[in-house]
1. Surrounded by 14 or more Cβ atoms within 10 Å (Cβ to Cβ), of a type in the set (S, T, N, Q) and outside the structural domain of residue 37 (by TED's automatic domain parsing): is that true of residue 108 in this structure?
2. May I ask you to list the residues in the range 108-158 that are within 19 Å of residue 61 (Cβ to Cβ) and in contact with a Ser or Thr (Cβ under 8 Å, 6 or more places away or on another chain)?
3. Hey, any hits in the range 48-58 for a residue that's among the β-branched types (Val, Ile, Thr) and over 21 Å from the mean Cα position of the chain (by Cα)?
4. Restrict the check to the range 180-187 and report whether at least one residue is touching a helix residue (DSSP H, G or I) at 6+ places or on another chain (Cβ under 8 Å), touching a residue at least 40 places away in the same chain (Cβ under 8 Å) and in a loop (DSSP other than H, G, I, E, B).
5. Could you list, in sequence order, the residues of the range 30-50 that are modelled with pLDDT under 90 and assigned to a helix (DSSP H, G or I)?
6. So, of the residues in the range 190-205 that are among the aliphatic types (A, V, I, L, M) and not in a strand (DSSP E or B), which turns out to be nearest to residue 164 (Cα to Cα)?
7. Would you mind telling me which numbered condition in (1) surrounded by fewer than 23 Cβ atoms within 10 Å (Cβ to Cβ); (2) touching a helix residue (DSSP H, G or I) at 6+ places or on another chain (Cβ under 8 Å); (3) farther than 26 Å from residue 131 by Cβ residue 18 fails?
8. Looking at the range 81-95, which of the residues that are within 16 Å of residue 118 (Cβ to Cβ), under 23 Å from the mean Cα position of the chain (by Cα) and not polar (S, T, N, Q) is surrounded by the most Cβ atoms within 10 Å (Cβ to Cβ)?
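The values are calculated or read from the model by the stated rules, or taken from the named source; none is laboratory data. In this text the structure is predicted, and so the values were computed from the model without any measurement. Note: ideal-geometry Cβ built from the backbone for every residue, glycine included; neighbour counts use all protein chains shown.
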Amino acid sequence: MPRRGEAQDRRVTIIGLGRFGRSVARTLFELGYEVTAIDRDERQVEEASDFVALATQGDGSDEELLRSLQVERSAVAIVAQGSNLESSVLATLLLKRLGVPFVVAKANNALHGEVLRRVGADRVIFPERDAGVRLAHTMAVPHVDDYISLSPTSGIAKFTAPPNLVGRTLADVHAMCGAQLSVLALKRDRLLTVTPSLDERIQEGDDIVVIGSDESIEKFVESGLAEPRA
């Protein structure tokens with residue numbers, strides 16, 4: 001987030017409290033941000049009032065409302081509504097005009113995204129498309145919990161250590177599956193180890209984050225699902 005002073009860095013405005021906007025608002029709240037949320041739906045606003053600093057019922061493309069809420073004091077604003085193209089574009093335009101330094105906007109398709117960029121969105125995201133990409137990539141490796149695509153055939157994957165990897169070192173697993181990938185991190189309870197040593201021994205419940213081709217990720221995971229060691 002842009003550096004504009006510690007207090008201001010913790011302020012975020014979210015327009016739209018559908019499933020995506022609500023999820024972002026809740027997560028930001030848990031991370032300690034001061035969130036102002038706006039939605040036309042009274043029920044959505046009432047539900048969000050439990051986990052945001054301020055929840056307001058109204059039109060996020062209403063300039064007078066945005067000014068009254070002092071959204072320009074936010075370091076970041078997120079336009080999380082996507083079903084109404086006109087409203088999302090107007091909200092993005094107004095947020096930039098009012099001086100919000102960084103605006104993230106949700107788009108439903110490529111054309112919508114192009115329009116949002118043209119009116120000033122600093123970042124455009126495609127939640128539905130990206131979720132579809134993650135799902136498609138994980139179909140071949142069902143035990144992967146999360147996936148970030150880096151190319152059509154490679155990415156970053158997170159998964160819980162399969163049973164047959166427990167007790168082995170990372171070097172053992174590399175030798176066993178012949179996978180050409182890198183282990184980026186290993187999470188054990190609340191401890192996160194970045195670029196762990198190949199001598200690190202995997203324990204039950206460890207979360208492993210790797211980067212490489214889909215084929216290599218599949219080999220790595222499947223090696224831990226093979227028949228147990230004698």
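1. In short, no.
2. Scanning the range 108-158 gives 108, 112, 116, 119, 120, 121.
3. yes
4. The answer is no; no qualifying residue exists.
5. 30
6. Across the range 190-205, the extreme among qualifying residues is 202.
7. So the condition that residue 18 fails would be (3).
8. 95
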